[in-house]
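Each remark here refers to the structure printed beneath this line.
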Amino acid sequence: MNVPENAARCDHQNHKEAYRFGAAGLLRCEACGLVFVDMPRETPSPDLVYEKYYRNETAARFNFGIEYVIRLFRFFRAFKMFTVCPGARTIMDIGSGRGFMLYYLKKYYGYTRAAGIQISRNAVEFSRNRLGLEIYDKDLLELPLDNARFEVITMWHVLEHLTGPDKYIEKISGLLGERGKLIIEVPNFNSWTRVFTRGRWLSLDLKHHLTFFTPESLTLMLERHGFAVETVHTFSLEYSVFTSLQSIVSWLTNSDHDFFTWLQGGDFTPRIIFHSLLFVALSPLCFLINALLYFSKYGEVIFIVAGKKCGQPV
C-alpha cells in the first residue's frame, strides 16, 4: 500500500460523521479512513472506566468455568507468538490482561523478559502476586522506557480502547529492536456482521471502544510510522465466531447481548435459554463463514504482524 503524502501527516482533523448510534456519533477521517468516537467534552478517566473490568482478587471476568477456556486461549496465543517469532526472548504486552500469555511464554518458550502494561488494579495485583510477572501499572505514554528494547511488542484488543492511537504506535516504534515485530489484533470495522447488525455488533461496545480500524486504515497507520506490514488476516478462533454469533442473535432478538452479559455474571432470564439455542443452531454457519473470510477484508478481527522498515532508527 502506498502512503499518500497527506496521510503521512494525518492528524485526523479532516473528518465527518459517518455513523450514529443513538446519542453516540462515529467520525471518519477523510484522509486515512480511521473511525473514532465523537468524544463528549467530559469523559471519565481510563482508571475509572476499567476499575471493575476485572472483578476481584482473581481478576476474573466470566462465570461458569469460562475462565478456564480463557486460559486455554492464552496458552494458544503464547504458542502463536512462538510460531510467529520463534527466536524471540523479550516481549512487551501492552494491555496484558491477567498476564497468562506472558506467564506461558516464560514457562514454556524460554522468554527471559516478559513485561506487561495494565491499568486495572485487580489484574495488576494478580499478574504480579500470583504469576510473578513484570507488570507496569501506568499508561504506555507515561512510562520512561526510552532505553528499553524488545524483540516483540503486542497489543491484543487494546488499540481500539485508546484515543490518539498514533501516539502509541510512535512510542512502540522506539521500543522495538532492529528486527523487532509488532503484533496487533483489533476488531474489524469492515466485519461482515457489523455491516448488517449495525448497533447490535458486539465489538461496537461504545463504553470501552473509542477507535475503529479496517485492514486498510490500520496498515496505513503503521506504514506512516515506519513499519512494513508482513501478515494480515481477519480470523480469530477466540473472538470471530462468538462475535458473529452474539451480534446476529442480538440483531434477531432485538436485544442487548444478553447471553454475553449473563456469562459475565449478569442475571439469568428465561430468554437466555432461547438465545442459547440460537447460538447452537447458528454456530456451524458462523464458523464456516468466518473461516472462509480468513484472508479477506471482512472477518471479525484484524490480525497484523509488522516489522520496522529498513533504515528506520532504533
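Once the stretch 205-236 is narrowed to residues that are part of a helix (DSSP H, G or I) and under 17 Å from R194 (Cα atoms), the residue that is nearest to the chain's Cα centre (by Cα) is P215.
The set of residues from the stretch 136-180 being among the polar types (S, T, N, Q), touching a residue at least 12 places away in the same chain (Cβ under 8 Å) and assigned to a loop (DSSP other than H, G, I, E, B) comprises just one member, T163. Please find, among L102, L133, the residue that is farther than 29 Å from P215 by Cβ, free of Cβ contacts under 8 Å to residues at least 60 places away in the same chain and surrounded by 22 or more Cβ atoms within 10 Å (Cβ to Cβ). Result: L133 is the single residue among L102, L133 that is farther than 29 Å from P215 by Cβ, free of Cβ contacts under 8 Å to residues at least 60 places away in the same chain and surrounded by 22 or more Cβ atoms within 10 Å (Cβ to Cβ).
Look at E67 and say whether it is under 30 Å from V35 (Cβ atoms), modelled with pLDDT under 95 and either β-branched (V, I, T) or surrounded by fewer than 22 Cβ atoms within 10 Å (Cβ to Cβ) (or both). In short, no.
Residues in the stretch 6-23: is at least one at pLDDT 65 or above, over 20 Å from G132 (Cβ atoms) and either in contact with a Ser or Thr (Cβ under 6 Å, 6 or more places away or on another chain) or aromatic (F, W, Y) (or both)? Yes: one or more hits. Listed by first and then second residue, the pairs linking a residue in the stretch 107-130 that is free of Cβ contacts under 8 Å to residues at least 12 places away in the same chain to a residue that is surrounded by 16 or more Cβ atoms within 10 Å (Cβ to Cβ) and β-branched (V, I, T), with Cβ atoms under 6 Å apart and 6 or more places separating them unless they lie on different chains, are R128/I135.
Being part of a helix (DSSP H, G or I) and among the polar types (S, T, N, Q) is the filter; apply it to the stretch 105-130 and report the residue that is surrounded by the fewest Cβ atoms within 10 Å (Cβ to Cβ). Among them, the one singled out is N129.
Which condition number in (1) crowded, with 23+ Cβ neighbours inside 10 Å; (2) touching a residue at least 40 places away in the same chain (Cβ under 8 Å) is the one that V249 fails? Among (1) crowded, with 23+ Cβ neighbours inside 10 Å; (2) touching a residue at least 40 places away in the same chain (Cβ under 8 Å), the lone unmet condition for V249 is (2).
Residues that are out of contact with any helix residue (DSSP H, G or I) (no Cβ under 7 Å at 6 or more places or on another chain) and among the aromatic types (F, W, Y) were ranked within the stretch 228-246; the one that is surrounded by the most Cβ atoms within 10 Å (Cβ to Cβ) is Y239. Considered as a group, the residues in the stretch 164-192 that are under 14 Å from G95 (Cα atoms) and out of contact with any helix residue (DSSP H, G or I) (no Cβ under 7 Å at 6 or more places or on another chain) include one that is modelled with the highest pLDDT, and that residue is E185. Every condition in (1) within 19 Å of G307 (Cβ to Cβ); (2) within 15 Å of the chain's Cα centre (by Cα) is met by R77 except one, and the failing one is (1). Hey, could you check the stretch 26-59 for residues that are more than 21 Å from the chain's Cα centre (by Cα) and modelled with pLDDT of 85 or more and say which is surrounded by the fewest Cβ atoms within 10 Å (Cβ to Cβ)? For the stretch 26-59, the residue satisfying everything is E30.
The values are calculated or read from the model by the stated rules, or taken from the named source; none is laboratory data. Values in this document were obtained by computation on a predicted structure and should not be read as measured data. Counting neighbours? That spans all protein chains shown, and the Cβs are built from the backbone with ideal geometry, glycine included.
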